[in-house]
Amino acid sequence: MPDGLDGQRTRTILYLEDDDTAAYLFELTVGECPDAKAAVQVHRVVNADQAFAFLFHEVPYRQAPRPDVVVLDINVPGANTGLTVLKTIRSNPALACLPVVMFSGSNASADREQASKLGADEYVIKSDFETFVTAAETAVRLAG
């Protein structure tokens, strides 16, 4: 990975989020994390197909960096969900070790249980600004 402005390795977060406001708040809070500063780059995708293309370096993401952590919303447009992306990550030997944070508006116990069963490292429920701070800090910490 390229070095940040202070010589640190740039950490990469892949963020699956279809809502523009949520994406803006997350990216803003990542930039404000004490450990982040200029050494974290967020790559946002808006659906599961784009997430798969990014993870597997398919068009238009052939040159995409390998993420250090993946942050997934459960409910995104299309047939595939954030849980489908999590399942694919955990079943692929080249990706299985990636930390995954589920960051979703879903407070359903079934979603939390499924995310845990599939191997999510963390599950943060979107509710207020503080939860964005929590998700951003968790992602930066897991990115190393």
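Couple of notes before you dig in:
- Inter-residue pairs, beta-carbon under 7 Å, first in contact (Cβ under 8 Å) with a residue 40 or more places away in the chain and closer than 17 Å to Thr138 by Cβ and in region 102-127, second open to solvent by less than 50 Å² (accessible area, probe 1.4 Å) and assigned to a loop (DSSP other than H, G, I, E, B), 6+ apart: Phe103/Asp73; Phe103/Lys126
- Checked against (1) modelled with pLDDT of 95 or more; (2) open to solvent by 20 Å² or more (accessible area, probe 1.4 Å); (3) more than 19 Å from Val140 (Cβ to Cβ), Ala53 passes all but condition (2).
- Here Asp128 does not qualify as modelled with pLDDT of 95 or more, within 25 Å of Leu28 (Cα to Cα) and of a type in the set (D, E, K, R).
- Residues of region 88-121 satisfying the condition of being over 16 Å from Pro67 (Cβ atoms) and in a helix (DSSP H, G or I): Ser91, Ser109, Ala110, Asp111, Arg112, Glu113, Gln114, Ala115, Ser116, Lys117, Leu118
- Qualifying residue in region 105-118 (condition: under 23 Å from Leu28 (Cα atoms), open to solvent by less than 50 Å² (accessible area, probe 1.4 Å) and in contact with an Asp or Glu (Cβ under 8 Å, 6 or more places away or on another chain)): no
- Any hit, region 122-138, residues being of a type in the set (Gly, Ala, Ser), open to solvent by less than 50 Å² (accessible area, probe 1.4 Å) and not in a loop (DSSP other than H, G, I, E, B): yes
- Residue within region 68-77 that is in contact with a Phe, Trp or Tyr (Cβ under 9 Å, 6 or more places away or on another chain), outside any strand (DSSP E or B), open to solvent by 20 Å² or more (accessible area, probe 1.4 Å) and of a type outside the set (A, V, I, L, M, F, W, C) present: no
- Total residues in region 11-56, condition assigned to a helix (DSSP H, G or I) and charged (D, E, K, R): 5
- Residues in region 35-42 include at least one that is under 15 Å from Thr138 (Cβ atoms), of a type outside the set (Ser, Thr, Tyr) and surrounded by fewer than 16 Cβ atoms within 10 Å (Cβ to Cβ).
The values are calculated or read from the model by the stated rules, or taken from the named source; none is laboratory data. The model shown is predicted, which means the values in this text are computed figures rather than measured ones. Cβ coordinates were reconstructed from backbone atoms using ideal geometry, including for glycine residues, and neighbour counts include every protein chain displayed. Calculation scope for accessible area: heavy atoms of the full protein, side chains included, ligands and nucleic acids excluded. Shrake-Rupley method; radii C 1.70, N 1.55, O 1.52, S 1.80 Å.
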